[in-house]
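Below: one structure, written as structure tokens.
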Amino acid sequence: MQEKAKKQFEPISISQIKDILKKISSDKFDKMIITDGQSIKRGNYIYARLKYQKVERQAEQLKFPLYGSIKDNFDEIEGGVSKFGEKSKLNSDRIIEVLQKSYSLNSQVVLNIDAKSPFDYPLDSENNEVLLKQTKYFFPDLTYKETCDECSGHKYITCQDSNCNGRHKWTCTNCNGDGKLICDQCAGRKKVDCSNCNGSNRVKCRRCGGDGRVNDGMIAKAANTKYATEKKCGDCAAKGYVQCRDCSNGQVSCSNCSGNGKVSCKECSAQGSITCSLCYSDKERYGKINCPQCQTEGVVAKIIYVSTDVSSSELEKFIIEGVKLNVNENSLKTHLNQQNKLELVYKKVNNDLYEHLDEYSVIYLDNLEKDLGLNKDRYPLLTKEEIYYQVLPCVELSYKHMLTNTVHEFTIIDFWDNPEIIFHTEPEVLKQDLGNATKAVGGFFGKLFKTKGFKSKEDKRNEIVLLIHLAKVDGKIEEQEKIYLSEMIGSLDDFTNSEKQKLFDVMNSSTLPELTKVDVTFSSKERGQDVINKLIEIANADGEMEQAEQELIAKIKDMM
């Protein structure tokens, strides 16, 4: 990889860029004016693919009731520093597995541990490869069992319900043990005001409507009689009201307490006492609940250990050296070697070190390691690195289009091995706009009335056609010819899109069309001679006039 990379970093010149353009895109190169003095934007895009193995270690703590199912396993790791030293292998994961699976107890990460070099012990390996499953190490002086301080080893504690407080059963304070409460609705009187008469024992007479009279306001049917005489209501004796039939003296029996004056106490369900649902009622454990800390084991235990996680991952990235150019990663990826093979450059298994880094892989690995937060001297610890890198040299340059005299840019990807040219704009792609439509209309009337402006544009068009013919007649367009031609054309702004396209077609044709009488006709003899002089000037631009150029100029003169 190193030798290949050295080749890719070689300098790139304007002349080498022109050679690539001639080889890959000669048709466009014939219309490109590239000045030799301009600076080249260069960006080396380094594709780096890394496969790495890392090891992470962290201290974890488990505090748990010493269940009978793991008591024997815990006995095996008791004994402290005198028996095991400062740290020792945890030969079995059974304690951790049982606590997780059977009791849903998970460890907590310990950020600060009172132990010397807690992560400093060898990795488990085989055939000089780090094993994925690593032994856990525990700290004997931080691993112990003790009587539960919550229940003092008695397995139960006083009921923590604030009402119970260990009594288990107590007199209801809401009804003071009676089981009944005075009815709120009737205040214990058993009776309430009748809702029909509001406790008055009388209601409005329905017959007279409450005024004590009947037939009032009625007109006798017989003709020529006076108003009928008003009569007293017989139902209410003209009083307007009668006695309420729904109650007795304005009172009815209270529905809330069924006329008893008392209701059942909801707090104790009318029992007069409350029994706690949380604690025990048997003689030995009366008013007690299970100790939440030791879960009735009476003993709790703690173990602090270090777990090791070994994992492998891959990363790919483009690293840019130099200028960031107008390219995207998808374009770059098409130039990658599909047979790229990772090369082992670093492996460290305990004290066994293998390192084979070249001048480039050192730089690229450092870049990738920083992105990933990896280290070779602390955790998360790198134990293995395999890398493939490929350098794609890219350049960006501007050019002037010979016919339109507009400036554009292009980029060449993978310059030395498999160059690809990306043109960022197309000078010959024509857009329809209002200005173009106006020129088309003006051109129509100019042609119709043979205006001075029309004649001038026709002269310009014919001049450009003849200049193109001369530039292409010998099968090649020299750099100096491009410059002369561009200066003489100046601009195509006065032409319509249709007229411009015809000029582009002449320039881009592989076989030049035969010149016609129209092509060599100018508005005056002087204008025609001026064009002949320009043709001679371009033909001599490279130092000498070719035979084909001489013949074409002579032919144009004859056709004039």
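Per-structure values
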quantity	calculated
Strands (runs of 3 or more DSSP E) (entirely within region 170-218) containing at least 2 residues that are of a type outside the set (Phe, Trp, Tyr) and over 11 Å from residue 254 (Cα atoms)	180-182, 202-204
Residue, farthest from residue 411 (Cα to Cα), within region 36-45, restricted to residues that are in contact (Cβ under 8 Å) with a residue 40 or more places away in the chain and in a loop (DSSP other than H, G, I, E, B)	38
Matching residues in region 503-534 - criterion: being part of a helix (DSSP H, G or I) and over 24 Å from residue 557 (Cβ atoms)	504, 505, 508
All positions within region 389-422 that are within 21 Å of residue 342 (Cβ to Cβ) and surrounded by fewer than 20 Cβ atoms within 10 Å (Cβ to Cβ)	417
Selected residue (criterion: nearest to residue 73 (Cα to Cα)) from residues of region 83-136 that are hydroxyl-bearing (Ser, Thr, Tyr) and outside any helix (DSSP H, G or I)	92
Search result, residues across region 62-76 that are buried (at least 16 other Cβ atoms within 10 Å of the Cβ) and either in contact with a strand residue (DSSP E or B) (Cβ under 7 Å, 6 or more places away or on another chain) or small (Gly, Ala, Ser) (or both)	62, 64, 65, 66, 74
Test: residue in region 264-271 that is more than 30 Å from residue 70 (Cα to Cα), of a type outside the set (Lys, Arg) and either at pLDDT below 90 or in contact with a helix residue (DSSP H, G or I) (Cβ under 7 Å, 6 or more places away or on another chain) (or both)	no
Residue check, residue 343 crowded, with 20+ Cβ neighbours inside 10 Å, at pLDDT 95 or above and in contact with a Phe, Trp or Tyr (Cβ under 7 Å, 6 or more places away or on another chain)	no
Qualifying residue in region 483-494 (condition: under 28 Å from residue 28 (Cβ atoms), outside any loop (DSSP other than H, G, I, E, B), in contact (Cβ under 8 Å) with a residue 12 or more places away in the chain and among the aromatic types (Phe, Trp, Tyr))	yes
All positions within region 137-162 that are polar (S, T, N, Q) and either in a strand (DSSP E or B) or without any contact (Cβ under 8 Å) to a residue 40 or more places away in the chain (or both)	147, 152, 158, 162
Restricting region 535-560 to residues that are assigned to a loop (DSSP other than H, G, I, E, B) and aliphatic (A, V, I, L, M), the residue that is nearest to the chain's Cα centre (by Cα)	541
Test: residue in region 40-57 that is surrounded by fewer than 16 Cβ atoms within 10 Å (Cβ to Cβ) and either modelled with pLDDT under 95 or farther than 30 Å from residue 358 by Cα (or both)	no
Residue 352 vs. criteria over 33 Å from the mean Cα position of the chain (by Cα), under 22 Å from residue 134 (Cα atoms), of a type in the set (Asp, Glu) and in the same structural domain as residue 47 (by TED's automatic domain parsing)	yes
Hits in region 541-560 (condition: farther than 26 Å from residue 457 by Cα and of a type outside the set (Gly, Ala, Ser))	542, 544, 545, 546, 547, 550, 551
Qualifying position, being modelled with pLDDT under 95, within 30 Å of residue 39 (Cβ to Cβ), charged (D, E, K, R) and touching a strand residue (DSSP E or B) at 6+ places or on another chain (Cβ under 7 Å), among 329, 321	329
Selection within region 249-297 - surrounded by 19 or more Cβ atoms within 10 Å (Cβ to Cβ) and outside any strand (DSSP E or B)	254, 257, 265, 268, 276, 279, 287, 291, 294, 297
Meets criteria (more than 26 Å from residue 382 (Cα to Cα), touching a residue at least 24 places away in the same chain (Cβ under 8 Å) and among the β-branched types (Val, Ile, Thr)) for residue 70	yes
Residue count, region 370-409 (criterion: part of a strand (DSSP E or B) and without any contact (Cβ under 8 Å) to a residue 40 or more places away in the chain)	3
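The values are calculated or read from the model by the stated rules, or taken from the named source; none is laboratory data. If you're wondering where the values come from, they're calculated on a predicted model, not measured in any experiment. When we count neighbours, we look across all protein chains shown, and the Cβ atoms used for this are built from the backbone with ideal geometry, even at glycine.
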